[in-house]
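Below is one structure; the comments refer to it alone.
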Amino acid sequence: MKRTLIVTNDFPPRQGGIQSFVHGLAARMPADSVVVYAPAWPGCERFDAGLPYPVVRHPTSLMLPTPGVARRAAELLAEHKCDTVVFGAAAPLGLLAPRLRAAGAERVVMLTHGHEASWARLPLARSLLARIGRHADTVTYLGEYTRRLLAPVIGADRLLRLAPGVDTAAFSPEVRPGGAAAALEAELGGGPVVVCVSRLVPRKGQDVLIRAWPWVLRSVPDARLVLVGGGPYRGRLERLVDRLGLRGRVRLTGPVEAADLPGYFALGDVFAMPCRTRLGGIDVEGLGIVYLEASASGLPVLAGSSGGAPDAVLPGETGLVVDGASAGAVAGALVELLGDPARARAMGERGREWVGREWSWDLVAARFTRILGAEPAP
Ligand code: GDP
């Protein structure tokens, strides 16, 4: 039987899009066909004990392509009789590919995300990415935006699409807020709610949502904004809420447990994350899986036109895409959605149907199996 070693810096219990993506792929492979090599993270012993396949933890919280990591990965390849290596992210650990080929790997697959697409725009990083890609049989990409950036660097013939799936059973219009989300719902007062779920970092645009809120309130006085997620920007955002006199109308929940997350989407009538590209194109959205989670939850979405975010929206059908840097544009789109509940509901229904058809984990798992089994490049 074919066995796969997944070498990845991104793996739960650390939270984030790539972590969920890699875990979602591993969870859908036959348990005796996969071994994961990932960094240690608080709570990892308990997390790993619940998995049906082995996870070997590196002692520190970050793995770099050093001789020590290469040696350990080669040992695991031999010990578990793996013939295939998957790098959870091509950059930078894909640099280990030649060493693992020498140790017996017959097939090397590298996943890419938003950051590899950013590397493709920077002169030095681009040549490193090209070097990494030369050692892969297949490099995966998230969507049209990242494919366009990666193709000239990696070579179009090596690229295959692989984007994360969405758990449409967990994220569903049937879910009701529970626990702390239910308590929050009671405090919100019954008006329409816009919810944003994301890490609190400048690119995701929670600041623009807050700045847009006084304009939204002029048209929809009882509207409330709920910002779910944690991150380094939290203090700045709290101060912005205070400065604009929005306390009570804008609520920040902090990070929430994965099991509670669908209940927070369920608080919303509209989902909004007006992400924007920063730092001259280096800090950019790769896909924005949260838009798909929101669609699966039956919500219309408001997305920012950053990078691959529009790949996760059917503009005018499942939601609206606006310039995430413009508080005026964001306010206008929110007022439009809040002011026409029938259209907003129809967008949510269309989104749920689209995600079920195009973004299910069953489809993604079948695609991944094909990618793993494909013939090695000549
Ligand atoms: P990324 O963080 O830039 O990779 O953004 P993505 O939108 O690609 O992925 C973020 C993932 O993290 C999505 O699956 C979110 O639902 C999830 N997420 C964001 N904030 C939280 C949180 O507070 N708790 C939990 N459990 N998940 C979160």
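The values are calculated or read from the model by the stated rules, or taken from the named source; none is laboratory data. No experiment lies behind these values; they were computed from the predicted model shown. We place every Cβ from the backbone using ideal geometry, glycine too, and count neighbours over all the protein chains shown. Just the protein is used for accessible areas: all its heavy atoms, side chains included, with ligands, DNA and RNA removed. Shrake-Rupley method; radii C 1.70, N 1.55, O 1.52, S 1.80 Å.
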* Answer from P214, P177, P164, P173 - the residue that is assigned to a loop (DSSP other than H, G, I, E, B), over 30 Å from A366 (Cα atoms) and either open to solvent by 10 Å² or more (accessible area, probe 1.4 Å) or β-branched (V, I, T) (or both) -> P177
* Residue count for the stretch 15-28, restricted to those that are crowded, with 19+ Cβ neighbours inside 10 Å, more than 10 Å from the ligand (Cβ to nearest atom) and in contact (Cβ under 8 Å) with a residue 40 or more places away in the chain -> 2
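So that you can scan it fast, the table gives a plain yes or no per residue for (1) aromatic (F, W, Y); (2) in a loop (DSSP other than H, G, I, E, B); (3) outside the structural domain of S198 (by TED's automatic domain parsing); (4) more than 17 Å from A223 (Cβ to Cβ):
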{"site": "E317", "(1), (2), (3), (4)": "no, yes, no, yes"}
{"site": "G332", "(1), (2), (3), (4)": "no, no, no, no"}
{"site": "E336", "(1), (2), (3), (4)": "no, no, no, no"}
{"site": "M347", "(1), (2), (3), (4)": "no, no, no, yes"}
{"site": "G351", "(1), (2), (3), (4)": "no, no, no, yes"}
{"site": "F368", "(1), (2), (3), (4)": "yes, no, yes, yes"}
* Asked: In the stretch 300-330, how many are within 16 Å of the ligand (Cβ to nearest atom) and open to solvent by less than 10 Å² (accessible area, probe 1.4 Å)?
  -> 12
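Each row is one residue, and each column tells you yes or no for (1) open to solvent by less than 30 Å² (accessible area, probe 1.4 Å); (2) of a type in the set (G, A, S); (3) within 20 Å of V139 (Cβ to Cβ); (4) without any contact (Cβ under 8 Å) to a residue 12 or more places away in the chain.
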| residue | (1), (2), (3), (4) |
| --- | --- |
| D32 | no, no, no, no |
| G43 | no, yes, no, no |
| P59 | no, no, no, no |
| P65 | no, no, yes, no |
| R71 | no, no, no, yes |
| V85 | yes, no, yes, no |
| L95 | no, no, yes, no |
* Asked: Has the stretch 106-121 got at least one residue that is in a strand (DSSP E or B), in the same structural domain as L76 (by TED's automatic domain parsing) and aromatic (F, W, Y)?
  -> no
* Structure fact -> Checked the stretch 73-83 for anything open to solvent by less than 10 Å² (accessible area, probe 1.4 Å) and either small (G, A, S) or free of Cβ contacts under 8 Å to residues at least 40 places away in the same chain (or both); matches are A73
